[in-house]
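The values are calculated or read from the model by the stated rules, or taken from the named source; none is laboratory data. Not measured: the values here are computed from a predicted model. Glycine also receives a Cβ, built like all others from the backbone with ideal geometry; neighbour counts cover every protein chain displayed. SASA here: full protein model, heavy atoms, side chains in, ligands and nucleic acids out. Shrake-Rupley method; radii C 1.70, N 1.55, O 1.52, S 1.80 Å.
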Amino acid sequence: MSQGSPGDWAPLDPTPGPPTPPNPFVHELHLSRLQRVKVRCGRGASGGLVGPEVAFSPTLLQFCLLGALLAPIRVLLAFIVLFLLWPFAWLQVAGLTEEQLQEPITGWRKTVCHNGVLGLSRLLFFLLGFLRIRVRGQRASRLEAPVLVAAPHSTFFDPIVLLPCDLPKVVSRAENLSVPVIGALLRFNQAILVSRHDPASRRRVVEEVRRRATSGGKWPQVGKGLEICSPFLLQVLWLTASQPCSIVDVEFLPVYHPSLEESRDPTLYANNVQRVMAQALGIPATECEFVGSLPVIVVGRLKVALEPQLWELGKVLRKAGLSPGCVDTGAEPGRSRMISQEEFARQLQLSDPQTVAGAFSYFQQDAKGMVDFRDVALALAALDGGRSLEELTRLAFELFAEEQAEGPGRLLYKDGFSTILHLLLGSPRPAAVTLHAELCQAGSHQGLSLCQFQDFSLHDPFHGKLFSTYLRPSQIPKASSPGSPTARANGTVQAPKQKGD
């Protein structure tokens, strides 16, 4: 194996393609020079990409004074109010059986506890600096609109939208029941709980939402589920409490009644509702979502990562001066060979422990911390600009195809297919398995032949373009200069920074 310079290979196509929707999970700040002088030092002040939950930066004076004096008092008082909510939430469901909780709560429990939680919730947000909630439009009655949808869901403070809606029932993760106080509030709310670990949970949630929505106004409105956890929770909480005043605008749009065609196609109905809400917000509608912690976008019948981790692996290897095309992997087609991190380092001739750990963590490990060397071989081949797409897809097939139980030839089954798409495109494995089943319906086998796999990856109207965009540039870019555009892994081009940014 030999090592080359970082500029010997390039995985991305720098030529702009058709416009792609922006990543809704990041927010790019455009600050003037004066604003940059005023904002505090940090990632948000550098003009880079920041999460939507940190889309603001206080001035240095404000951060020093209000962050040190006002924020601790506000946060302390807010936590006190949060714990005062617990007795009201507990009292509403105390002594009730699971069967009784399947029906809406009425009587004194509804009057006393509901109003108590509503008032204390408004006080909690007031103490955090949300001094005013401006409401535009008029909320429809539960008979006219039994389901409420709130968008966009981007911050930890999104539950504030429940206040002008009179605390509708929500859909939330079952895991949130174990969160102190929050779990009690979900039981008080009679929330509809969904488990990410139970495949049948989504179906039960849909049935429960339908049952409540068709109760003829017996149940309160069902609202959009709201997340409780946030990777920037403490930072967002502190910075928000450092603001002198935060104002929230809530706008109620007219009720969207489905057409006859939308009634037959729920996906069409959902997409059209999303489009109407995006137009009202003045933002583009996308098909992006989170699968676990991975942001993905729907392309055809497949979900692919917005930024595949394959190129993160490429960055690590480039930094180490490794040329993937010069690595003699020696992987055996159709045979799994598990290797340890030490053997991985020897095979790639990597000596830096941090580089080895970063590159090794890209691959899926078994219970013993071993990885399949076929995964390594395919990833390195994808990063090697010397192979054509035909050669790469043939290699992928040869590495993961298996002998048929009956009959000659080899077929690519669901496990190998999902591994290939996960490595090359960052596709979640369950989505790839579903697509594999759809592709196999046209044939008499439970696997794909080489011809079928290459038809999918090279000639399919949706996915063929996806493979070429992610995996092969149309031209090798020259070494980047300070003013040249940089390409992202999803094929979009990031504009060069202006002088002074």
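The phi-based Karplus calculation (6.51 cos²θ - 1.76 cosθ + 1.60; θ = phi - 60°) puts the 3J(HN,Hα) values of region 340-356 at 8, 5, 5, 5, 4, 5, 5, 5, 9, 6, 9, 10, 6, x, 5, 5, 4 Hz, whole numbers, x for Gly and Pro. Couplings 3J(HN,Hα) for region 72-77, derived from phi with the Karplus relation 6.51 cos²θ - 1.76 cosθ + 1.60 (θ = phi - 60°), are x, 5, 4, 5, 4, 5 Hz, where x marks Gly and Pro. Of the residues Ser195, Ser361, Ser427, ranked by 1.4 Å probe accessible area with the largest first, the sequence reads Ser361, Ser195, Ser427. If you roll a 1.4 angstrom probe over the protein chains with everything in place, what fraction of the accessible area of region 309-471 belongs to carbon and sulfur, to the nearest %? So the carbon and sulfur contribution to the accessible surface is 49 percent.
Sorting Lys414, Lys169 on solvent-accessible area from highest to lowest, probe radius 1.4 Å, gives Lys414, Lys169. Of the residues Asp415, Asp198, ranked by 1.4 Å probe accessible area with the largest first, the sequence reads Asp415, Asp198.
Once the Cα-Cα distance is subtracted from the 0.36 nm per residue extended length, the Arg132 to His153 segment shows a gain of 5.6 nm.
So what's the convex hull volume per residue for the Cα atoms of region 369-425, in Å³?
Dividing the Cα hull volume of region 369-425 by its residues yields 93 Å³.
The figure for Phe252 is an accessible area of roughly 30 square angstrom, using a 1.4 Å probe on the protein chains alone.
Per residue, the Cα convex hull of region 83-203 amounts to 144 Å³. Normalised by residue number, the volume inside the convex hull of the Cα atoms of region 309-471 is 114 Å³ per residue. Here the alpha carbons of region 333-395 define both size measures, Rg and Dmax, at 12.5, 35 Å.
Less than 5 angstrom separates the built amide H of Val299 from those of Val304, all sequence-distant by 5 or more or on a different chain.
Counting only protein heavy atoms and a 1.4 Å probe, region 66-183 has 54 square angstrom of accessible area per residue. Put simply, the amide H of Val194, placed in the peptide plane, has neighbours under 5 Å in Ser172, Arg173, Ala174, leaving out anything fewer than 5 places away on its chain. Rolling a 1.4 angstrom probe over region 159-283 with all protein chains present gives an accessible area of which 60% lies on carbon and sulfur atoms.
Val81 contributes an accessible area of around 10 Å² to the protein surface, as traced by a 1.4 Å probe with all chains present. For Val250, the residues whose modelled amide H falls within less than 5 Å of its own, excluding neighbours fewer than 5 places apart on the same chain, are Arg134, Val135, Arg136.
Computed with the Debye formula from one identical point scatterer per Cα of region 258-314, without solvent, the log10 of I(q)/I(0) at q = 0.13, 0.23, 0.25 Å⁻¹ comes to -0.48, -0.99, -1.04.
Rounded to the nearest 20 debye, the dipole magnitude of region 309-471 is 380 debye, with +1 charges on Lys and Arg beta carbons, -1 on Asp and Glu beta carbons, and the Cα centre as origin.
For the residue pairs Lys303/Lys465; Lys315/Lys368; Lys110/Lys218; Lys319/Lys368; Lys110/Lys169, alpha carbon separations beyond 25 Å are given by Lys315/Lys368; Lys319/Lys368.
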